[in-house]
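The structure appears below as structure tokens.
The values are calculated or read from the model by the stated rules, or taken from the named source; none is laboratory data. Because the structure is a prediction, the values reported are computed rather than measured. Methodologically, a virtual Cβ is constructed for each residue, glycine included, from the backbone with ideal geometry; neighbour enumeration extends over all protein chains shown. Note: accessible area is taken over every heavy atom of the protein model, side chains too, but ligands, DNA and RNA are not part of it. Shrake-Rupley method; radii C 1.70, N 1.55, O 1.52, S 1.80 Å.
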Amino acid sequence: MTEKHWQFYTAATAVIAVLVSVYCLSEDITGIFVHLYYIPILIASYQYRERGLLLSLFLVMVYLLLVFFYFPGNAQVLIEGCIRAFALMAIAAIISVLSGRIQTHVDALQREIDEHKNTEEALRQSESRYMELSITDDLTGLYNQRHFYNLLQAEIERTERYGRPLSLLLLDIDDFKHFNDTYGHMEGDRVLERIGATIQRCIRRTDWAFRYGGEEFTVFMPETEGDQAEIVAERIRSEFAAERFRPVPGCEEIKTVSIGIAGYRPGEDMKDFINRADRFMYEAKKRGKDQVCSSA
């Protein structure tokens, strides 16, 4: 029941009770049930506080007028009616005041609860943000090396358990040190940012990309055979080679990346797995750079 429905119900009940009382008074009917309209008046006082009190006062005045109208010459009845009326007014006022104080405390408690919830939510978001920052490379937006080792170990265990394929890509930007020495670290950072964006754009949602260190990057690909990994690696290589860098006015540079791919072998140690991908990456450099070299 909404507040408007409850307000209408309370007021209507009070009016009906007054009409019943009028009938009882006119028929000279007495008894405790004649004054049942006290109940909706008190309910209104509690439910609506100030408005309820005003409604109570209005109904009490109606009651006094009815008593005076039907018993104009009976002083005892008039006095009893006034006593009942003022008692009712006092009770309504007390209930209204107490209701207001209770509601004030309830509102304050609710605000405190809401503030506590907001603080908890802010702490959760802060903790989540801190955890994200602790595993993310600031420059490229990829995950960092520490997170790489943790996730790869877990993925190797899953691969061993279910006998599913797992491929690892190791990438290194060709001649990056020369570029850095020639144009400075700020321009080198732009290259790192661009390769990070290229990797993120080319890999699938099920793949994981990391900045392995310096200009080296790695991607491991669950549920992926070597030929599928080569397709993704070639996409990264070709898209990065299509990028254009302008470290100084009038100078356009092209950067390339060498990529080694290794497929996980059952029972292989994680370190050996990474080293194999690393060897294939250096083999790609020996073959002239801007290459993808695989064990497949």
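Out of curiosity, is GLU239 open to solvent by 30 Å² or more (accessible area, probe 1.4 Å), of a type in the set (Asp, Glu), touching a helix residue (DSSP H, G or I) at 6+ places or on another chain (Cβ under 8 Å) and in contact (Cβ under 8 Å) with a residue 12 or more places away in the chain? Criteria met by GLU239. Of all residues in segment 180-206 being open to solvent by 10 Å² or more (accessible area, probe 1.4 Å) and in contact with a Phe, Trp or Tyr (Cβ under 9 Å, 6 or more places away or on another chain), which is nearest to ASN150 (Cα to Cα)? For segment 180-206, the residue satisfying everything is ARG194.
Count of segment 99-157 residues, restricted to those that are polar (S, T, N, Q) and either closer than 13 Å to TRP208 by Cα or at pLDDT 90 or above (or both), is 6. Condition test on PHE280, is it farther than 25 Å from LEU166 by Cα, aromatic (Phe, Trp, Tyr) and open to solvent by less than 60 Å² (accessible area, probe 1.4 Å)? In short, no. Quick check on segment 183-206. Is at least one of its residues in contact with a Lys or Arg (Cβ under 9 Å, 6 or more places away or on another chain), within 14 Å of LEU142 (Cα to Cα) and in a strand (DSSP E or B)? Among the residues of segment 183-206, not one is in contact with a Lys or Arg (Cβ under 9 Å, 6 or more places away or on another chain), within 14 Å of LEU142 (Cα to Cα) and in a strand (DSSP E or B), which makes the answer no. Here PHE220 clears all of (1) of a type outside the set (S, T, N, Q); (2) surrounded by 11 or more Cβ atoms within 10 Å (Cβ to Cβ); (3) part of a helix (DSSP H, G or I) except the condition numbered (3).
Against the condition among the aliphatic types (A, V, I, L, M), touching a Leu at 6+ places or on another chain (Cβ under 9 Å) and closer than 20 Å to ASP290 by Cα, how does ILE261 come out, does it pass? Judged against the criteria, ILE261 is a match.
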